[in-house]
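The values are calculated or read from the model by the stated rules, or taken from the named source; none is laboratory data. What you see is a predicted model; the values in this text were computed from it and never measured. Here the Cβ positions follow ideal geometry from the backbone for every residue, glycine too, while neighbour counts run over all protein chains shown. Please note that ligands, DNA and RNA were not included when accessible areas were found on the heavy atoms of the full protein model with its side chains. Shrake-Rupley method; radii C 1.70, N 1.55, O 1.52, S 1.80 Å.
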Amino acid sequence: MIGPDHKRRALTVLMLLPLLLAAGEEPCLLCAPETGAAAIPVEKATPISIDITTQLDFSRAALSGTSGGQIDVDPQNGSRRVDGSIIDLGGPAFAGTAVVRGEPGRAIRIDMPQTANMTSSTGAVIKIVGLRASVVGNPRLDRDGRLSFSFGGKLVVQGNASGTFRARIPITAQYE
């Protein structure tokens, strides 16, 4: 049980605390910073996010022999070029598109791997090489805090691979 004597000591300690801080004690570095040498800058940047708005799609194709071939989807204009023993079965191909959102005007860096494996439900594997994005130079978020870009690459088919193929391509964005 706390008696009146304990309450008086607690009140005295609470009243002395501001005096001790005012008497030249080091300021708390975790407390709200004051202006001056002891202030710690707290960056309150808007969190950055990236949303894939269109998936990279090489469309439909068939392999007419065992020599393999390639399908290249250009990220700049979304065009598709088919080479080797691949037969284009029609349908549209799409460059992938993404939107980065964050703090307006900030410079960002976009990273993605150069290659990715695509697998089918039967376990067959084909490779995407030369993955690239349409952003060049030092990209910045616009005044609304957005940057849209597209990405593409070259699908390389070798051997006897068949099925519907899927891949996860990790794309990251961060402030510079």
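When region 126-170 is filtered for residues that are under 25 Å from Val100 (Cα atoms) and of a type in the set (Gly, Ala, Ser), the ones remaining, listed by number, are Gly130, Ala133, Ser134, Gly137, Gly145, Ser148, Ser150, Gly152, Gly153, Ala167. Against the conditions (1) at pLDDT below 95; (2) open to solvent by 50 Å² or more (accessible area, probe 1.4 Å); (3) in a strand (DSSP E or B), Asn138 satisfies every one except (3).
Let's see how each residue does on (1) touching a Pro at 6+ places or on another chain (Cβ under 9 Å); (2) exposed (fewer than 12 other Cβ atoms within 10 Å of the Cβ); (3) modelled with pLDDT of 95 or more:
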residue	(1), (2), (3)
Cys28	no, yes, no
Arg60	no, no, no
Leu63	no, no, no
Ser67	no, no, no
Val73	no, no, yes
Ser85	no, no, no
Ala93	no, no, no
Val99	no, no, yes
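Could you grab me the full set of residues in region 69-86 that are charged (D, E, K, R), in contact (Cβ under 8 Å) with a residue 60 or more places away in the chain and part of a strand (DSSP E or B)? Residue satisfying the conditions is Asp72 alone. Could you check region 101-128 and list, in sequence order, the residues that are surrounded by 15 or more Cβ atoms within 10 Å (Cβ to Cβ), small (Gly, Ala, Ser) and out of contact with any Phe, Trp or Tyr (no Cβ under 8 Å at 6 or more places or on another chain)? Matches in region 101-128: Ala116 only.
Scanning region 6-26 finds no residues that are open to solvent by 70 Å² or more (accessible area, probe 1.4 Å) and modelled with pLDDT of 90 or more. A single entry from Ile48, Ile126, Ile108 fulfils the requirement of being under 16 Å from Gln158 (Cα atoms) and either among the aliphatic types (A, V, I, L, M) or in contact with a Lys or Arg (Cβ under 6 Å, 6 or more places away or on another chain) (or both): Ile126.
Among the residues making up region 141-154, those that are assigned to a strand (DSSP E or B) and either over 18 Å from Leu63 (Cα atoms) or touching a Pro at 6+ places or on another chain (Cβ under 6 Å) (or both) are Arg146, Leu147, Ser148, Phe149, Ser150, Phe151, Gly152, Gly153. All conditions but one from (1) among the small types (Gly, Ala, Ser); (2) at pLDDT 95 or above; (3) open to solvent by 40 Å² or more (accessible area, probe 1.4 Å) apply to Gly163; the one that does not is (2).
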